[in-house]
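No value in this document is a laboratory result; all are computed from the given coordinates. Just so it is clear, the structure is predicted and the values come from calculations on it, not from any experiment. So basically every Cβ, Gly included, is an ideal-geometry build from the backbone, and we count neighbours across all protein chains shown.
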Amino acid sequence: MSKSKSIQSEINIEQLVNILLHIINTNKQLQSNSLMPVAMNVIGDAGLGKTSVIEQTGIQLGYKKEDIR
């Protein structure tokens with residue numbers, strides 16, 4: 001099994017949305033080929049809008065919200 005790599009970058013909201021869309025589309029393709037999807041962890045100070053951006057992106061794509069915290 002390979003080790004996970006952690007990459008941290010400072011990005012703005014628009015960049016976060018673009019990355020989310022890319023990962024979601026890539027994961028759909030991976031799953032359609034019976035491959036394991038990848039995960040993304042968004043880290044930052046409280047109040048930056050991380051959860052809101054992720055929720056809004058999911059809603060726009062027709063996904064249901066499921067809070068697992």
Where the only charges are on Cβ atoms (+1 Lys, Arg; -1 Asp, Glu), what is the dipole of the chain about its Cα centre, to the nearest 20 debye?
280 debye
Which of the trypsin sites (Lys or Arg not before Pro) found in segment 1-48 are in a DSSP loop and have at most 13 neighbouring Cβ atoms, other than their own, within 10 Å?
Lys3, Lys5
Working only with C-alpha atoms, what are the Rg and Dmax values of the chain, expressed in angstrom?
13.3, 38
At 222 nm, what helix-only mean residue ellipticity would the chain give, in deg cm²/dmol to the nearest 500, using -39500 (n - 2.57) for each DSSP H run of four or more?
-15000 deg cm²/dmol
List, in order, the whole-Hz ³J(HN,Hα) value for each residue of segment 5-21 obtained from phi through the Karplus relation with A = 6.51, B = -1.76, C = 1.60 and θ = phi - 60°; use x for Gly and Pro.
10, 10, 10, 10, 9, 8, 9, 9, 4, 4, 5, 4, 4, 4, 5, 4, 4
